[in-house]
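The values are calculated or read from the model by the stated rules, or taken from the named source; none is laboratory data. Note that the coordinates shown come from a computational prediction; the quantities given were computed from them, not determined experimentally. Reconstructed Cβ throughout: ideal geometry from the backbone, glycine too, with neighbour counts over all protein chains shown. Please note that ligands, DNA and RNA were not included when accessible areas were found on the heavy atoms of the full protein model with its side chains. Shrake-Rupley method; radii C 1.70, N 1.55, O 1.52, S 1.80 Å.
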Amino acid sequence: MFKKFMNIFNELDIKVKKIMNYGFKFSIGFCFIAALILLFYETIYASPDLYYIGLKMIETGLFFITEFIICGIAVDRISKQMI
């Protein structure tokens, strides 16, 4: 299963890989900012609003990661079928 998954990534177009890489970096940065907000909530300012903001940002960042992976594979498959 893992080998098949790696084969899919190895066969991706270079442009799609580049977009996926930028999206992955953006999402990781987004999750890092959310982690800093949650750290700030835990150490200095214990507001429930701050907690929920950080939690939703982490969820959004993880959603972005999966979305970039799935959409990148879908766009690559569609573009290969059109050629």
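Among the protein heavy atoms of the chain, carbon and sulfur supply 72% of the accessible surface, probe 1.4 Å, non-protein parts ignored.
Across the cross-link table entries K4/K80; K17/K80; K18/K56, which are compared at the Cα atoms, the separations over 20 Å belong to K18/K56.
Only DSSP H runs of four or more residues enter the estimate; each adds -39500 (n - 2.57), and after division by the residues of the chain the mean residue ellipticity at 222 nm equals -31500 deg cm²/dmol. Roughly how many Å² is the accessible area per residue of the chain, as a whole number, for a 1.4 Å probe? Each residue of the chain exposes 80 Å² on average to a 1.4 Å probe. Neighbours of I19 by Cβ distance under 15 Å: Lys/Arg scored +1, Asp/Glu scored -1, total +2.
Is the chain best put as rounded, prolate or oblate by its Cα gyration tensor, with a ≥ b ≥ c the root eigenvalues, rounded for a/c under 1.5, and otherwise prolate when a/b is larger than b/c, oblate when not? It is prolate, given that a/c is not under 1.5 and a/b is the larger ratio. Span-like helix criteria (full DSSP H runs; alpha carbon extent of at least 15 Å along the helix axis; mean Kyte-Doolittle hydropathy of at least -1.0) are satisfied in the chain by 14-43, 48-82.
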